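Structure first, commentary second.
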Amino acid sequence: MSVTLHENDLPAGIDFGDAVAVDTETLGLRPQRDRLCLVQLSAGDGTAHLVRFAQGGAYDAPNLRKLLQDKAVTKIFHFGRFDIAVMKQYLGVLAAPVYCTKLASRIARTYTAHHSLKTLCRELLGVELDKHQQTTDWGAATLSPEQISYAAADVLHLHRLRAVLDEQLKREGRMELAQGCFDFLPTRAALDAGGWGEEDIFVHH
C-alpha cells in the first residue's frame, strides 16, 4: 500500500483511469455542522491519495472538484449518499456519475442485513479492515499513522468490491435497477444537503 497526503487539493496530472474510489472523513455526521476534513481517492492500484483540509482553510480544490465532475470517470463510494452530500456542502460540486457498493450490496445481497464496508471486504474479498480509527479526531493538526492507514484502506478495495457485486447484480437480473439507484444518488445527496434529509418527499399524505 502506498499513501500520499496532499494539502487542500490534488496535484494536477494524476490519472485515475475511468473509475476512482472516493471516501471522506468529517467531524461528524451532519454536513451543515461537521466540517469536511479529508477526501481519500484511489485508482484501485494499491495507491491512495489523501486530500486534507485544515481548520480555516479554503475548499477551492480546483483539481479535486474537476475530477468529481468529470463525466468520463465513475466515482465509487461506500454509502455515497453521505460523501456526496458533504462534498456538495463544502466543495460546492455534485459528484457524478457514481457507483455505491452499499447500495449494490443491499440490492444484490438480499439474503443478509449486513452491508457495512468491513463486512463486504471480509465476506466478498477475504480482507479484514481495522475500524478502530473510525471515530477519531479527523480535524487534528497532525494525522497519526493509524488514521492515515485507516483512511487509505477505505478506498483501496472498492474497485474489487464493485466487480464482485456487479457479478451478483447481473446474476440476479438487478443491474438495471441498481444503475437507476446510482443515477439518482447525486440528487438524493443534493436533497440531503439542501435540508430534505429526514423528509420522504415521495410519500403520499
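A compact table of results
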| read-out | value |
| --- | --- |
| Residue 149 being in contact with a strand residue (DSSP E or B) (Cβ under 9 Å, 6 or more places away or on another chain), of a type in the set (S, T, N, Q) and farther than 22 Å from residue 70 by Cβ | yes |
| Among the residues listed as 126, 173, 180, 139, the single one being at pLDDT below 95 and more than 17 Å from residue 19 (Cβ to Cβ) | 139 |
| Scope segment 142-191; condition of a type in the set (S, T, N, Q) and either touching a Pro at 6+ places or on another chain (Cβ under 7 Å) or over 15 Å from residue 25 (Cβ atoms) (or both); matching residues | 168, 179, 187 |
| Residue check for residue 17: outside any helix (DSSP H, G or I), of a type in the set (Gly, Ala, Ser) and either over 24 Å from residue 147 (Cβ atoms) or free of Cβ contacts under 8 Å to residues at least 60 places away in the same chain (or both) | yes |
| Subset of segment 6-47 (residues that are of a type in the set (A, V, I, L, M, F, W, C), surrounded by 12 or more Cβ atoms within 10 Å (Cβ to Cβ) and closer than 15 Å to residue 84 by Cα) | 20, 21, 22, 36, 37, 38, 39, 41 |
| Residue match in segment 172-190 (condition: touching a Leu at 6+ places or on another chain (Cβ under 6 Å), more than 25 Å from residue 73 (Cα to Cα) and not acidic (Asp, Glu)) | no |
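Conditions tested, residue by residue: (1) of a type in the set (A, V, I, L, M, F, W, C); (2) in a helix (DSSP H, G or I); (3) more than 23 Å from residue 190 (Cβ to Cβ).
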residue	(1), (2), (3)
104	yes, yes, no
107	yes, yes, no
111	no, no, yes
118	no, yes, yes
127	yes, no, yes
137	no, no, yes
143	yes, no, yes
153	yes, yes, yes
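Every residue, every condition in (1) within 20 Å of residue 85 (Cα to Cα); (2) in contact (Cβ under 8 Å) with a residue 60 or more places away in the chain; (3) hydroxyl-bearing (Ser, Thr, Tyr), yes or no:
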residue: 126; (1), (2), (3): no, no, no
residue: 148; (1), (2), (3): no, yes, no
residue: 158; (1), (2), (3): yes, yes, no
residue: 163; (1), (2), (3): no, no, no
residue: 175; (1), (2), (3): no, no, no
residue: 178; (1), (2), (3): yes, yes, no
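The values are calculated or read from the model by the stated rules, or taken from the named source; none is laboratory data. This structure is a prediction, so every number in the text was calculated from the model and none was measured. Using ideal geometry, Cβ is built from the backbone for each residue, glycine included, and neighbour counts are taken over all protein chains shown.
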